[in-house]
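A short worksheet on the structure shown next.
What follows is calculated from the coordinates using simple rules that are stated; it is not laboratory data. As the structure is a prediction and not an experimental result, all values here were calculated from the model. With ideal geometry, Cβ positions are generated from the backbone for all residues, glycine too; neighbour counts draw on all protein chains shown.
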Amino acid sequence: MKYDGFHWGLAIDLNLCVGCNSCVIACQAENNIPVVGKEEVRRRRIMHWIKIDRYYSDTPDDPKVYFQPITCQHCDNAPCENVCPVSATNHSSEGLNQMTYNRCIGTKYCINNCPYKVRRFNWFRYTNNKAFDFNTASDLGKMVLNPDVTVRERGVVEKCSFCVQRIQEKKLQAKLENRTLRDNEIKTACMQACPAGAIIFGNLNDRNSKVSGIFENPRRYHLLEELHTLPSVGYLTKVWNDEESKS
Amino acid sequence: MKRVFKIGIFDEEERFISSIESLQKKEFKIYDVFTPYPVHEVFHLLKRKSRLPTAAYFFGLFAIIGVLAFLYYTSVIDWPIVYGGKPFNSFPSFIVVTIVITIFTVTIASLAAFSARSKLIPGRENTIFDSRATDDKFVIVVNTDLLDNSKSEQITTLMKENGAVEVYDKDFENIYA
Amino acid sequence: MEDQTKLSRTFRIITLTLIIIGACTFLFGVLTDPERTWANYLIVNYYFLSLAMGAAFFLALQSISQSGWSAAFKRVPEAMTAYIPFAAVFFLLIFFGLSDLYHWSDKGAIPNDQLLQHKLPFLNVPFFFARMLIYFALWVILTSILRRISIKEDQTDPTNQKEILSLFNKSELYSKIFIFVFAITFSLAAFDWIMSIDVHWYSTIFALKNVVASFLHGVSILALIIFVLYKEGHFPFINKYHLHDLARYIFMLSIVWGYFWFAQFMIIWYGNIPEETIYYFVRWKEGWKVLFFLEIISNWAIPFLILLPVKTSRNMTVITAVILFLIIGQYLDLFGQVIPGTTGSLRFGWIEAGLFLGYAGLFSLVVGVSLSKAKLIPPNHPYLDESINHLFK
Amino acid sequence: MYNRKIRGPLVEGNKTFSQISKEILSPMETSPGLWWYVAFGLASIAAVFGFYAIYITVSRGIGTWGVNNSVGWGWEIVNFVWWIGIGHAGTAFSIFLLILRQRWRTSINRAAEAMTVIAVMSAALFPALHMGRVWLAFYIFPYPNTRGPLWVNFNSPLFWDFIAITAYLLISFSFWYLGMLPDFATIRDRTKSKIKKAIYAFFGMGWTGSSHHWIRFESLSFILGGIAAVLVVSVHSIVSTDFAVGIEPGWHTTLFPPYFVVGAIFSGFAMVMTLMVIVRKIYKLTDYITDNHMDAIARILVFISLIMGTAYTTEVFIAWYSGNEYEMFTFFRNRITGDYTFQFWGMIICNALIPQLFWFRKVRRSWVGLLAVSLLINLGMWFERFNIVVTSLSKDFLPSNWVSYNPTYIEIGVYLGTLGLFTAGILLFFRYIPIMAISEVKSVAHIGNKKDD
């Protein structure tokens, strides 16, 4: 699949990530992600569109910790898209793996077939529901909602959209000003919030964009590359300078 | 119009068949026979043929072409959508869909054809010449409207000779079948 | 019904000439182009073994499903199984061409290849041949037991019903054992001999697909032999229902072949994992693509479309024509499985033709000799009446 | 030419045709015993519980189930595949045994087909319920709509499932119904009750048994039979593609289509056997469903169980042979050992080992043995589906996504409900529809009973 215009991509530098969770909160605020409470999290039903995985190596007494922010990989050969019976998830002409909430009937097949397990399901109605009295049950709580983003119904699948509302906004703005989009003009919520600048978003088709530059880095790898899902999210592998820390 | 039929009742398949053969040898035209289960010799003797398989073949052909055309139209021409990097015309997937929908179409069409040709429709009452035919008797029915009495007698004796347990005449006002 | 075949002089001469042609081709081939010769040697060996194994499977299946219609023909599949010991010898000779066929037998490649190291406990030369010996031993023993029971039945006094019935039950028991053994060993053999050529690739349905291919082509050759014998004046009782049943076997099995072929292709195509798709990627290149489609056409499309109507499946000429396509089909199928992983070049020349002809001659001779050694129609078989007066109901 | 000495008679007791009609119709014409009402009552209670569970699911959401972000499919898909598998028995009986010329099928195929229809209806409930928004289920239908029109994704195995199951339900129902036409006519002509006559006359569609009717009946059965043979294979193959075309380890394997079909026939035949043991016991129809019949089903079950055993072995072997770490983990660390060993070994023991008891004639001839083994096979097949659906999802590629899965009482309730519905349906079938195809039994009644054969 060739993308004529934009091909959005995200680069995450694992060397820079400190696991502060700012991106998680920023994403939650930006995309109207419901807070579901301890009980649901315990039942493995988190709603975060970006989460930070931790892996450890070495001994338990002196572990090395690795943080890995995981979001939808926006694969160009996305296994989740093939299997949706109602075309609720498909590929945009800009390389986005997009989700049409209105069309989703909630078969959860995409969730199963996603090797990264980054798709989220609305197990209950989280709005106006006293059982989930966190941020969307009361009028006051609802004031935090972002008017640019849909509030999802019960029974639909959702996931990271690369902040498509921000992409569209900036594209429109550039069009109104009759100019091309500048690199780094579009910032996803996670990128904006990252204090270390570990997350970079941009156009992969633009050779000079920052994200393309990072993709050229020899440290770059894709998650589960052997499955040939062709993710649009690239990671820069973590490098430890063991010799120096020992001396 | 009132019509007269001669009805012969048989107990056993062999006698029933030999009776049909001897009636046909004397060139009496058999109106129809009724049996509790399908007797294949009867189909040969009465030259009964069904064109349902041919019809089904054409239903199938029509369905295959129709479904493939529909799939091509919807996913390549009308609104092509990219799913996971698959081509718009993802033929292996279409084969699966085509097989099933063809099967579906052939079934429905054959059922409809069967129902229409055999006049078997829920609630319909076809003429029953002798109600024992659905239980344990083999029944031969001969239309005797145009036959004179002696011929009609000849049929009776022929049937009796071949072992009919009962032979009788019956009038029918209207025939549905 | 007393009937026995005799081998004519011309038959012997023709088959012996073919065998000599084959032997010469092999010798010249090994000297001039060993890689290509060994690859073709494997294809034709496996080809004729698969026919014999398919016939054996047919024989056993008839026995356990208590099918009566085929009883009169059972000497034909029995004769075909007589080829198995010959195949055993030829397969063991693969030892000399191992390095031309199997990448995993290359000692130099193992240290650099993690997967080969992983597979080493299974794919190593001694174990490979040990397995081969076990497979052949089991097949030869079981098929010869079935054959012996069948011959013994002939020699029994026809009035001694008790003895005949006990032999009949015995053959059913051994058929059951054979089918079980066949399912496991032939699957493993397909993994060993064919799938391990593409040593990094794997597919779980592969064995099953090869089992069905052998059954399909075994039955086709079986039918062909029956037709030839009929033309020679044997089996005078053959009616359209016998033809119909044989044609139905070919028809159904070719559908099953198509089904397995499609299942493997579709699942790999859909899953789109490079580890697996590489197999079809190689076979989708220029030139190979034609072979790829010819395989399906001759093994599935032609039998399916031609034998679909009842009329054509009761016509001996039509069925024979279909069988000829299937003979080509099995060759193409094996060619497409073996060659891309070995020589990788799409060629059909004198080596290919000569080897095939040689083996065809040998196979015909073995089957012919074996047929002439026993009564063509087993006179004491309990289902013989049912088979001769076969009616389609 | 039917060799009776070897094959045994198909119907024992040298019966007349009218005796056959009478004996087969007797369960319908006499009032059922107390057991019937007790069983029906119990089944209804289970069904009511099921309806309650469905109400909770639909009104509150899928969250009431135990499924989660990694294991998106749990009991509902396990049960769906299980029921669909059982639903393969009827068609398999009627078609495959027809192709293999096994004439003993005549006295069993009606009940097997009834089972098929009811089981497929139970199965069809689950894919509907597992949707987050079941009220929009019609989106899966490719119809010209106001959204463009936006068609559906023809690549999706769920879409294939949808059409395959609809077609299967329709065809097995019509095949079943077609076979009943002559029998309804028999009831219509025999009964003395006016209401019954009117009802069966309506559903009998005016069947008279004329040669015109029979020849078309025969050729339609031939067509539907041929079609159903393809369909029965394709339906379960399509169900298998739900898993096989995915990329989850343990799901993505090319063997799945035939392996699922064989497994389906396995569980279907086991369920037929369970049912037949009970029918024989209760209705004393041993002349029609003879020991030979049960023996034949038992032999088929042994045979299929060996195939299943081979398939399990192949899967495990190729998982190792592939050298793929995800495959190896799934099979060796999450099935053979790990959290789900109970289900895995349950599957192996119930499906591959226990049916081997049928090698012994004693087990094949005792009704307790038949019943016990057939029930265990059904349990084993349930484990198999659990193994496939849940274990692969619970621990797949990224360790951070590993979870375990436990069902809630709502999921169990839905399953109990379908069990209740199934039992109730079968009980109603016993009561209002002839248990065997009367006309077919008549056509084979004298084969192998006469001296000259």
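Brief remarks on what is shown
- Going from the residue with the fewest nearby Cβ atoms within 10 Å to the one with the most, A:His48, B:His44 rank B:His44, A:His48.
- 10 Å Cβ neighbours from other chains, averaged over peptide A:37-50: 2
- Treating r as the C-beta distance of A:Lys170 and D:Tyr143 and R0 as 45 Å, the FRET efficiency rounds to 0.75.
- Links that overshoot a 27 Å alpha carbon limit, given the list D:Lys22/D:Lys194; B:Lys26/C:Lys311; B:Lys47/C:Lys311; B:Lys2/B:Lys151; A:Lys238/D:Lys395: B:Lys26/C:Lys311
- Ignoring lysines fewer than eight residues from C:Lys152 along the same chain, the ones with Cα atoms less than 25 angstrom from its Cα are C:Lys6, C:Lys74, C:Lys162, C:Lys170, C:Lys176, C:Lys373, C:Lys375, D:Lys5.
- Relative contact order (%) - criterion: Cα under 8 Å, at least six apart; region: chain D: 34
- Using the Cβ-Cβ distance between D:Ser26 and D:Trp320 with R0 = 60 Å, the FRET efficiency computed as 1/(1 + (r/R0)^6) comes to roughly 0.55.
- Options C:Asn45, D:Thr64, B:Ser50, ranked by Cα towards positive dipole end of the protein assembly as shown, top entry (Cβ charges): B:Ser50
- Shape of the protein assembly as shown, Cα gyration tensor, a/c cut at 1.5: oblate
- The modelled label-to-label distance between A:Thr59 and A:Asp242, using points 7 Å beyond Cα along the C-beta direction, is 1.5 nm.
- Separation between Cα centres of the stretch C:296-321 and the stretch C:24-85, rounded to whole Å: 23
- For chain B, leaving out every one of the GluC sites (Glu not before Pro) that falls in a DSSP loop and has at most 15 other Cβ atoms within 10 Å, the longest unbroken run is B:28-124.
- Local electrostatic count at D:Trp359 - Lys and Arg +1, Asp and Glu -1, tallied over other residues with Cβ under 14 Å: +4
- Hypothetical label at D:Trp359: residues of the stretch C:159-187 whose amide nitrogen lies under 14 Å (7 Å Cα-Cβ projection): C:173-181
- Lys/Arg +1, Asp/Glu -1 at C-beta; chain B dipole; positive extreme among B:Ala109, B:Gln154, B:Ser19: B:Ala109
- In chain D, helices alone account for a calculated mean residue ellipticity at 222 nm of -22000 deg cm²/dmol, with every DSSP H run of four or more residues adding -39,500 (n - 2.57).
- The GluC sites (Glu not before Pro) of the stretch C:1-104 that DSSP puts in a loop, and whose beta carbon has at most 11 other beta carbons within 10 Å, are C:Glu2.
- Counted residue by residue at 0.36 nm each, then reduced by the alpha carbon distance between them, the extension gain from D:Trp402 to D:Lys284 reaches 37.1 nm.
- Neighbours of B:Ser18, meaning other residues whose beta-carbon lies under 12 angstrom from its beta-carbon, give a summed charge of -4 when Lys and Arg score +1 and Asp and Glu score -1.
- If both residues of a DSSP beta bridge must be in the stretch A:8-239, then about 85% of such bridges are antiparallel.
- Inter-site label distance for B:Glu21 and D:Ser59 at 7 Å from Cα along Cβ, in nm: 7.3
- Of all aspartates and glutamates in the structure, those lying under 14 Å Cα to Cα from A:Lys171, and not within fewer than 8 positions of it along the same chain, are A:Glu94, A:Asp183, A:Glu185.
- Here the dipole of the protein assembly as shown is about 2140 debye; that uses its Cα centre as origin and unit charges on the Cβ of Lys and Arg (positive) and Asp and Glu (negative).
- The distance from the alpha carbon centre of the stretch B:22-38 to that of the stretch D:318-369 is 59 Å, rounded to a whole number.
- For the stretch A:116-194 versus the stretch C:332-393, the gap between their alpha-carbon centres in whole angstrom: 67
- Using Cβ point charges alone (K and R +1, D and E -1), the dipole size of chain D about the Cα centre works out to roughly 1780 debye.
- Candidates per GluC sites (Glu not before Pro) in the stretch A:104-174, loop by DSSP, up to 11 other Cβ within 10 Å: none
- Separation of the D:Ala128 and C:Thr320 label points, Cα + 7 Å toward Cβ, nm: 5.8
- Going from the fewest other Cβ atoms within 10 Å to the most, the residues D:Ser44, C:Ser105 appear in the order D:Ser44, C:Ser105.
- With R₀ fixed at 60 Å, the C-beta to C-beta distance from C:Lys170 to A:Arg182 puts the FRET efficiency at about 0.10.
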